[in-house]
Amino acid sequence: MMSVGLARRAAAFGASAAVLAALSAGLMSSPAQAASGPKVAVSAPKATPGDYDGSCPTKINFSAKIKVPVKGKTELAYRWLHGDGSKSKVSVIKLSGKGTKTVTVKQSITFKDDVKGWEAVQVLGPKKVTSKKGYFSVSCQKPQDDARTHLDVSVSARAWASPSSYAGRCDTYGDKIDFTGVIKTNRPSWVRYRWVLNGEVVDYGKIKVRDVRKVGFGINPRHSQRGWAQLQVLSPDATSSNRAYYKVWCKDEYKDHDHKGDHKGDDKTLTRPPARFPPPLR
């Protein structure tokens, strides 16, 4: 099994798209400030997915939340600690205002080989504190060079959106678009799969398929958008479904009154776990 350090070097240093550019000046607090500084809390990093099993290279996303008491202008300085003993560059986020603010920090690492490791976040200012370790694992599927035979498991997948187009209020709860996928196998098999929404992995799972099984998930967009979802089968036979395209046009009733700015900047898309369906009757 490859070490985290070798995997990280093989993944090209600096591939973390979500990590902010490091600044070098004024990062460390003086001993007096550290002793009397405000309380800072940081959560253990969460890996998505936490236990990956499939084709490689693959990208694992890490995120953690830092709570910082702010009074006026405050600089939050932090870095990532890796399981192989290495550290990332220091990043700085400038905060202002009053009260406790929660900041989500992220990083992404691409792995090409099997890895078991952990990540942690170390806050350097306004007070030094280190999070607990967030563990993860990557198990890469090895390519098969042998010719396939009728004894090999064959898997197919297709997907669709229901409805494929939505127009109406987006300030309500409940999914606006549901995605359904069908996985077929030529014999009973355990199938690992994942859902990709507009290029990002949003869900994954493992199910026993006896001929045909359905899987799915839903989204509740908060702004007008269009995009696609795809069902990807990771094992025992790597394959992907068609792209299921969708379109959302938000026409909130509040916009007809005095609330035109209520949802300004709210561009998050909520997802829910995939719906589980019983196997079909044979």
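The values are calculated or read from the model by the stated rules, or taken from the named source; none is laboratory data. Being a predicted model, the structure only gives us computed values, none of them experimental. Cβ coordinates were reconstructed from backbone atoms using ideal geometry, including for glycine residues, and neighbour counts include every protein chain displayed. Areas reflect the complete protein model, heavy atoms only, side chains present, ligands, DNA and RNA absent. Shrake-Rupley method; radii C 1.70, N 1.55, O 1.52, S 1.80 Å.
Observations on the model:
- Filter result for Ala64 (open to solvent by less than 10 Å² (accessible area, probe 1.4 Å), within 17 Å of Ser131 (Cα to Cα), at pLDDT 95 or above and of a type in the set (A, V, I, L, M)): yes
- Given (1) surrounded by fewer than 18 Cβ atoms within 10 Å (Cβ to Cβ); (2) modelled with pLDDT of 90 or more, number of the condition Ala157 does not satisfy: (1)
- When Lys89 is tested against (1) open to solvent by less than 60 Å² (accessible area, probe 1.4 Å); (2) of a type outside the set (S, T, N, Q); (3) in a loop (DSSP other than H, G, I, E, B), only condition (1) is not met.
- Taken over segment 118-134, the residue count meeting the criterion of being within 25 Å of Glu200 (Cα to Cα) and surrounded by fewer than 16 Cβ atoms within 10 Å (Cβ to Cβ) is 1.
- Scan of segment 112-130 for residues that are part of a strand (DSSP E or B) and either touching a Lys or Arg at 6+ places or on another chain (Cβ under 8 Å) or polar (S, T, N, Q) (or both), ordered by number: Trp118, Glu119, Ala120, Val121, Gln122, Leu124, Thr130
- Screening Val115 with (1) farther than 19 Å from Thr130 by Cα; (2) open to solvent by 10 Å² or more (accessible area, probe 1.4 Å) gives one miss only, at (2).
- When Tyr173 is tested against (1) hydroxyl-bearing (Ser, Thr, Tyr); (2) within 25 Å of the chain's Cα centre (by Cα); (3) more than 28 Å from Gly218 (Cβ to Cβ), only condition (3) is not met.
- Residues that are part of a strand (DSSP E or B) and at pLDDT 90 or above were ranked within segment 38-57; the one that is nearest to Thr239 (Cα to Cα) is Tyr52.
- Selection count, segment 200-241, where residues are out of contact with any Gly (no Cβ under 9 Å at 6 or more places or on another chain), more than 15 Å from Arg158 (Cβ to Cβ), open to solvent by 40 Å² or more (accessible area, probe 1.4 Å) and not acidic (Asp, Glu): 10
- Residue in segment 19-37 that is open to solvent by less than 70 Å² (accessible area, probe 1.4 Å), closer than 22 Å to Val123 by Cα and at pLDDT 50 or above present: yes
- Candidates Leu95, Leu6, Leu81: the one that is open to solvent by 40 Å² or more (accessible area, probe 1.4 Å), in contact with an Asp or Glu (Cβ under 8 Å, 6 or more places away or on another chain) and either at pLDDT 90 or above or under 25 Å from Ser137 (Cβ atoms) (or both) is Leu6.
- Strands (runs of 3 or more DSSP E) (entirely within segment 188-262) containing at least 3 residues that are modelled with pLDDT of 90 or more and of a type in the set (S, T, N, Q): 225-235
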